[in-house]
1. Counting only residues that are within 19 Å of residue 309 (Cα to Cα) and not in a helix (DSSP H, G or I), which one in region 114-151 is modelled with the lowest pLDDT?
2. Might you let me know whether region 580-595 holds any residue that is assigned to a loop (DSSP other than H, G, I, E, B), on the phi > 0 side of the Ramachandran plot, in the same structural domain as residue 542 (by TED's automatic domain parsing) and out of contact with any strand residue (DSSP E or B) (no Cβ under 7 Å at 6 or more places or on another chain)?
3. Which residues, taken from region 629-643, are assigned to a helix (DSSP H, G or I) and either buried (at least 16 other Cβ atoms within 10 Å of the Cβ) or out of contact with any helix residue (DSSP H, G or I) (no Cβ under 8 Å at 6 or more places or on another chain) (or both)?
4. If you take just the helices (runs of 4 or more DSSP H) that sit entirely in region 377-466, which of them hold at least 2 residues that are more than 30 Å from residue 491 (Cα to Cα)?
5. I'm checking my understanding of the structure. Among residues of region 465-485 that are out of contact with any helix residue (DSSP H, G or I) (no Cβ under 8 Å at 6 or more places or on another chain) and farther than 19 Å from residue 403 by Cα, which one is modelled with the lowest pLDDT?
6. Out of the residues in region 244-298 meeting the condition of being modelled with pLDDT under 90 and at positive phi, tell me which one is surrounded by the most Cβ atoms within 10 Å (Cβ to Cβ).
7. Is region 286-294 home to any residue that is within 26 Å of the chain's Cα centre (by Cα) and within 27 Å of residue 180 (Cα to Cα)?
8. Every residue in region 601-628 that is part of a loop (DSSP other than H, G, I, E, B) and under 16 Å from residue 528 (Cα atoms), please.
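The values are calculated or read from the model by the stated rules, or taken from the named source; none is laboratory data. Keep in mind it's a predicted model, so treat the numbers as computed, not measured. Here the Cβ positions follow ideal geometry from the backbone for every residue, glycine too, while neighbour counts run over all protein chains shown.
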């Protein structure tokens, strides 16, 4: 059973699916007919939940007070088998009837009370109350579990949680002095979300170093901290940062409340950063709850990537998009979310080169003595050559005819004064500058970008929003004709990622264009080339980013053909050293939805033959290629780029081990 948007609906337990009656319109017509037939056979209309089994049996269930009771009791059920026979059970006399948990999963996605129900689920999950499902399935068992945890419910809220004795935590001691922007703030800058003109609020700003740095860059930034800036106003802003706050809060329910309070202040996006498992030493620390307590009285919770993503999505009811390990963006403005996702996937193009090619060199000035008398009258196109060239540069970036909203105001005025309409100016510009096929090439690139975008939207199982950003709507109309055709193209690309022969062909295509080194089972390339790759490989990387976050900190990337893996490599001195030292390797397994990190900080392994990863137009390629030629002369056994102990190269070059 699949909802119209492609997402699964209902609560799945074993081979059965539970749905609230209001979600039935999302079922395919034939399944709705099965439910109707079962209801007719049962001769009963009081049910509010249906259970569909793979074998064709249907159970009609009545839960008491489904919407108003947080965990409603089952009061009656009628099981209808494939032959239409009906078995009825009445649970009203029972002191211990079955209970329903996670009822938000049974409802249609647009139900107004889903956030309320999901929030309670998230709070109780954080308390660990759902960790043993076999202990909570009936009313008495669930009430005992709540009592054991010291939790009291009123409606869909926890109004009292028994205090848990324990040491005092000095949260303010975790605030550190910074000499550069924090990791979450850096992620916002790289994503283009932090720029002049945007308002920023740092929730839990510590000593305020991020705020000061942003202020010096001309960005309107404010902040609040319960210890360092308790009197500061909690102000709404376009961007809210919640950086390394949730991981120093020892109470799980307070983490959820903190995330909600911070998100309430954001109008566009909230960025969340936490410490991940393995990123800090726990030697000498004491266990406290689900984290650790230091001798200084500070608390630290280390999350997994999936754990913090799940916490945010349960607390806020929205998708948390991985921006980096331990860093997530949650968008309140869904149009801005789609704009961010589309921009993240655009294929790299040298815009300055396009403009240089489109704008003609200035004509030399001619003195009166040199002028030829009776020069022919210039055409409209010739008189407005520079205006048309500027318009053509925008068209080359978009791959299509621009509209007024996509042009600078001064260019719109120049077109109106000198030519008339943008469409007429575009026709003139195409006659002047379109002979080299530049627009056709730009169109192909933009279509490729959009196919990758729609493929990853399907991979992420995002809900379709009421409308795309205006610029994407124009792209869809111009390049595909309809949203349905655009999504179909994305679906075809996404499915092709599962075919090793298709991935291998894309890797061969990339290598033939000088984009990396093709080995027997992988393509290894300089990370600066990632946005030049064929669409299929960019989608492959995009799937990894969905799990891991942005790969922009990697120096080199390896696509594994056939195994569904991607490796990110980081080197010390990669940009300016001929033999950069390996410091980290991250292997992302898309099939298992996990990754492993390997630290090489204590080893002296260097990358040999780096030029084979590069393209000839990257900086220092020629110097690197020359060095590598000399290296192969003394180490002819090197057949391709490889991480190798430095001492091996030193011995070959006769320099000892220094």
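1. Per the stated criteria, the residue is 131.
2. The answer is yes, given that some residue of region 580-595 is assigned to a loop (DSSP other than H, G, I, E, B), on the phi > 0 side of the Ramachandran plot, in the same structural domain as residue 542 (by TED's automatic domain parsing) and out of contact with any strand residue (DSSP E or B) (no Cβ under 7 Å at 6 or more places or on another chain).
3. 629, 630, 631, 632, 633
4. Correct list: 380-383, 385-398, 409-418, 422-433.
5. Top of the filtered list is 466.
6. Ranking the candidates gives 289 first.
7. Taking every residue of region 286-294 in turn, none turns out to be within 26 Å of the chain's Cα centre (by Cα) and within 27 Å of residue 180 (Cα to Cα).
8. Answer for region 601-628, where residues must be part of a loop (DSSP other than H, G, I, E, B) and under 16 Å from residue 528 (Cα atoms): 614, 615, 616, 617, 618, 619, 620.
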